[in-house]
Amino acid sequence: MTAEANDYTAVFYNPALLVDRKDVNFGFNFQFYRLVSDVKSKDLAKPLDLSNSNPPDAVALGGAALPLGGKVKNHLALGLGVYLPTGNLLRVNIVSKDTPYWYRYHGSRSA
């Protein structure tokens, strides 16, 4: 998919391809994301608390590719992607430094 992203899907798959568009392009889609991960302790005698190591699911709904003209033509473009978490939109969480945690995915899942 990375090499074929020649429309608004480049926002998700390969943003560098946005500059290849010659005209404005937008679309709607439905993509469901669930990261499957496994965390193992380096010390097998010490159990891990994995309650914060499962990132939440998310949904992608569409996007737009907006190539710019003038002196930046074929060098600069704007891309917009709609990506929504299925659980909480905003969450604040502090986790112990000894607990496995997916920082970029806001790892704790509320029950």
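From the list Ala60, Ala3, pick out the single residue that is in a loop (DSSP other than H, G, I, E, B), over 30 Å from Lys97 (Cβ atoms) and of a type in the set (A, V, I, L, M, F, W, C).
Numbers: Ala60 fails: in a loop (DSSP other than H, G, I, E, B).
Checking each option against the conditions leaves just Ala3.
State which residue pairs qualify: first residue closer than 10 Å to Ala77 by Cα and inside the range 1-24, second residue open to solvent by less than 40 Å² (accessible area, probe 1.4 Å) and part of a helix (DSSP H, G or I) in any location, beta carbons under 6 Å apart, and separation of 6 or more residues or different chains.
Leu17/Ala10; Leu18/Ala10
Phe30 is checked against (1) assigned to a strand (DSSP E or B); (2) in contact with a helix residue (DSSP H, G or I) (Cβ under 7 Å, 6 or more places away or on another chain); (3) open to solvent by 70 Å² or more (accessible area, probe 1.4 Å) and fails just one. What number does that condition carry?
(2)
If you check every pair at least six apart or on different chains, which have Cβ atoms under 9 Å apart with a residue in the range 76-87 that is part of a strand (DSSP E or B) first and a residue that is hydroxyl-bearing (Ser, Thr, Tyr) and open to solvent by 60 Å² or more (accessible area, probe 1.4 Å) second?
Between residues of the range 76-87 that are part of a strand (DSSP E or B) and residues that are hydroxyl-bearing (Ser, Thr, Tyr) and open to solvent by 60 Å² or more (accessible area, probe 1.4 Å), the close pairs are Tyr83/Tyr33.
For the range 43-56, how many residues are at pLDDT 80 or above and either among the charged types (D, E, K, R) or open to solvent by less than 70 Å² (accessible area, probe 1.4 Å) (or both)?
Going through the range 43-56 one residue at a time, the tally reaches 2.
The values are calculated or read from the model by the stated rules, or taken from the named source; none is laboratory data. The structure displayed is predicted, hence computed values, not measured ones. Please note: Cβ atoms are built from the backbone with ideal geometry, for glycine as well, and neighbour counts cover all protein chains shown. Accessible surface areas use protein heavy atoms only, side chains included; no ligands, DNA or RNA. Shrake-Rupley method; radii C 1.70, N 1.55, O 1.52, S 1.80 Å.
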